[in-house]
Amino acid sequence: MESSVIISKRVINTINSLSIADRQPISNALSMEFILGQNPEDTLTPMQNVIYSIIRFYVNQDTKRKQCEAKIS
């Protein structure tokens, strides 16, 4: 990934609301994708993949929103 990634309070709150069993694998998956550039889908259970997809959507949406705000300013 060549640009900044926004981890908003919404994303943090969503991750913190997960069960302990899901919190670490999903946090690791975010790191794998957004820092290491690796596909984390094989490391998650099917349900964790669904949750991860939602959180990933939040990250992408928040990042795009901040980038648009920066262009307007």
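Miscellaneous remarks
- Counting only protein heavy atoms and a probe of 1.4 Å, the accessible surface of the stretch 20-73 is 57% carbon and sulfur.
- Spacing of the modelled spin labels on residue 23 and residue 10, each 7 Å from Cα toward Cβ, amounts to 2.2 nm.
- Cα-centred dipole magnitude for the chain, charges only on beta-carbon of K, R (+1) and D, E (-1), debye, nearest 20: 380
- Angle between the chain longest axis and helix 46-72 axis [Cα atoms, degrees, rounded to 10]: 10
- Cα-only radius of gyration and Dmax that characterise the chain, units Å: 12.8, 41
- Given charges at Cβ of Lys, Arg, Asp, Glu: the chain dipole, positive-most of 6, 46, 72: 72
- The angle between the Cα long axis of helix 20-34 and the longest principal axis of the Cα atoms of the chain comes to about 40 degrees, rounded to the nearest 10.
- Expected 222 nm ellipticity per residue - DSSP helices of 4 or more, -39500 (n - 2.57), all of the chain, to 500: -23000 deg cm²/dmol
The values are calculated or read from the model by the stated rules, or taken from the named source; none is laboratory data. Note that the coordinates shown come from a computational prediction; the quantities given were computed from them, not determined experimentally. Using ideal geometry, Cβ is built from the backbone for each residue, glycine included, and neighbour counts are taken over all protein chains shown. Side chains included, ligands, DNA and RNA excluded: accessible areas come from the protein's heavy atoms. Shrake-Rupley method; radii C 1.70, N 1.55, O 1.52, S 1.80 Å.
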